[in-house]
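Okay, so here's the structure we're looking at.
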Amino acid sequence: MPSTMTALFGGAGPEWAPRRIPVPRPGPGQVVVRAHAVALNNADAVMLAAADPSSGGSGEEYRAGFEFAGEVTAVGDGVAVPAVGDRVMGTTPGSFAEYVRADHRHTLPVPGPLAYGTACALPTGLLTEHGALTAAGFRAGQSVLITGATSGIGLIGVQAARVLGASRIVATTRDPAKRDLLTEYGADTVVVTGEQDLTRAVSAATGGEGVDVALDHVGGATFAACLPATRAGGAVVNVGRLDGPASTLDLDALAYRRLRVRGVSFGFSRAAELGGVLAAAGRELLPAVADGRIRPVVDTTLTFDTAAEAAGRLRSHRAQGKIVLTVP
Ligand SMILES: NC(=O)c1ccc[n+]([C@@H]2O[C@H](COP(=O)([O-])OP(=O)(O)OC[C@H]3O[C@@H](n4cnc5c(N)ncnc54)[C@H](OP(=O)(O)O)[C@@H]3O)[C@@H](O)[C@H]2O)c1
């Protein structure tokens, strides 16, 4: 194993910068993975902007990235699974590096022959969408609304809800050109926000009842529209705030419908808690990944050398699914 490696850092300007740093060693309970591919998340664009000193950001340097897939090269004390040589995918801060150190509980096995360039796009989506459905108390036979459904994790959410037995899936996008994508990945009804009133469209798609469960990735006015789009006794879970964190709610809709409202943020979960959520997602969804019922949508594959192009694509919000970087 080499003694140094390349990793991408934010905090020096508008783009990530590569730097040579020592290859990490695993501590107790940790693994080191030779990453072959890493995937971008919306949070990567948010963090890059927040740290960019040229546009008022903090200028604080940080190791970029959250998701990775590769081969385990070393394990720390107390780690039985995964073992050296295993193919894994996982989530940990600082994943944009040749070697990634992670809590062993924050990895999942890569099923069968799935390519690393595909596998790396799965962990955040599986973890977050399964965790959000669980937080909602979702059961097979229930209907689900997924807002911001063409986001990298939203597309996993649509497929996960289908695999777990959703009776009807309503998915939203702002872009009419993405209708077919959502239908192809399992949405029964696509609502184009901006063209259609979300609450009315969901009501029409569910016989006037509303959905049992709403997973909201958009926040803002869309989160508010989810409340009257959810049936009495149903659950609304906020997952993302793509359109901003402030929302003006109709408390009548909340009270008269006796809704349960939850928020989830797995990046802020404690290590053991995150491990439990990822393990549950793995148990219930990895078989569907293995047989192709859940496929991450990869928009573009670039490299560490073209990471600025990847960040630009992420910021454009024009990507359909995930942006992946192959690791040198
Ligand atoms: N709770 C958690 O633990 C957790 C974990 C991971 C991610 N998240 C959050 O989940 C959200 C999705 O993450 P991601 O990485 O999958 O995102 P992403 O792939 O970057 O999402 C991009 C898509 O979101 C939609 N979008 C962007 N801006 C929007 C806006 N202002 N209003 C409505 N839709 C908008 C666009 O789809 P259309 O063009 O089709 O409308 C766009 O193509 C983010 O807010 C992220 O922070 C939360």
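Of note:
- Among (1) modelled with pLDDT under 95; (2) more than 27 Å from N41 (Cα to Cα); (3) not aliphatic (A, V, I, L, M) - the single one G194 does not satisfy: (2)
- Note on the stretch 50-69: residues that are touching a Ser or Thr at 6+ places or on another chain (Cβ under 8 Å) and either without any contact (Cβ under 8 Å) to a residue 40 or more places away in the chain or not assigned by TED's automatic domain parsing to the domain that holds A17 (or both) amount to 1.
- Of all the criteria given as (1) closer than 19 Å to V298 by Cα; (2) surrounded by 24 or more Cβ atoms within 10 Å (Cβ to Cβ); (3) not assigned by TED's automatic domain parsing to the domain that holds R241, the one not satisfied by T107 is (1).
- Criterion: over 16 Å from Y62 (Cβ atoms) and small (G, A, S) - qualifying residue of A39, A7, A12, A43: A39
- Scanning the stretch 54-86 for residues that are under 16 Å from H36 (Cβ atoms) and crowded, with 22+ Cβ neighbours inside 10 Å gives G65, E67, F68, A69, G70, V72.
- Unmet criterion (only one of (1) assigned by TED's automatic domain parsing to the domain that holds A232; (2) surrounded by 20 or more Cβ atoms within 10 Å (Cβ to Cβ)) for R139: (2)
- Some residue of the stretch 151-165 being in contact with a Leu (Cβ under 6 Å, 6 or more places away or on another chain) and hydroxyl-bearing (S, T, Y): no
- Test: residue in the stretch 291-304 that is modelled with pLDDT of 95 or more, out of contact with any strand residue (DSSP E or B) (no Cβ under 9 Å at 6 or more places or on another chain) and more than 13 Å from Y185 (Cβ to Cβ): yes
- The set of residues in the stretch 79-117 that are over 27 Å from G321 (Cβ atoms), in contact with a strand residue (DSSP E or B) (Cβ under 9 Å, 6 or more places away or on another chain) and of a type outside the set (V, I, T) comprises A83, G85, R101, H104.
- Which numbered condition A69 fails, given (1) part of a loop (DSSP other than H, G, I, E, B); (2) touching a helix residue (DSSP H, G or I) at 6+ places or on another chain (Cβ under 6 Å): (1)
- T124 of a type in the set (S, T, Y), more than 24 Å from D243 (Cα to Cα) and in a helix (DSSP H, G or I): no
- Scanning the stretch 207-216 for residues that are away from the ligand (no atom under 11 Å from the Cβ) and crowded, with 20+ Cβ neighbours inside 10 Å returns G210, V211, D212, V213, A214.
- Residue list for the stretch 83-114, restricted to those being under 18 Å from A290 (Cα atoms), in contact (Cβ under 8 Å) with a residue 24 or more places away in the chain and part of a loop (DSSP other than H, G, I, E, B): V110, P111, G112, L114
- Within the stretch 218-242, residues that are over 24 Å from R318 (Cα atoms) and at pLDDT 95 or above reach partners that are in a helix (DSSP H, G or I) and near the ligand (Cβ under 8 Å from one of its atoms) with beta carbons closer than 8 Å, at six or more positions or on different chains, in the pairs V237/A132.
- Residue match in the stretch 173-182 (condition: polar (S, T, N, Q), more than 19 Å from the chain's Cα centre (by Cα) and farther than 29 Å from H106 by Cβ): no
- Some residue of the stretch 162-170 being crowded, with 21+ Cβ neighbours inside 10 Å and more than 19 Å from R231 (Cα to Cα): no
The values are calculated or read from the model by the stated rules, or taken from the named source; none is laboratory data. Since the structure is predicted, the reported quantities are computational estimates derived from the model, not experimental observations. Because the Cβ atoms are built from the backbone with ideal geometry, glycine has one as well, and the counts that use them run over all protein chains shown.
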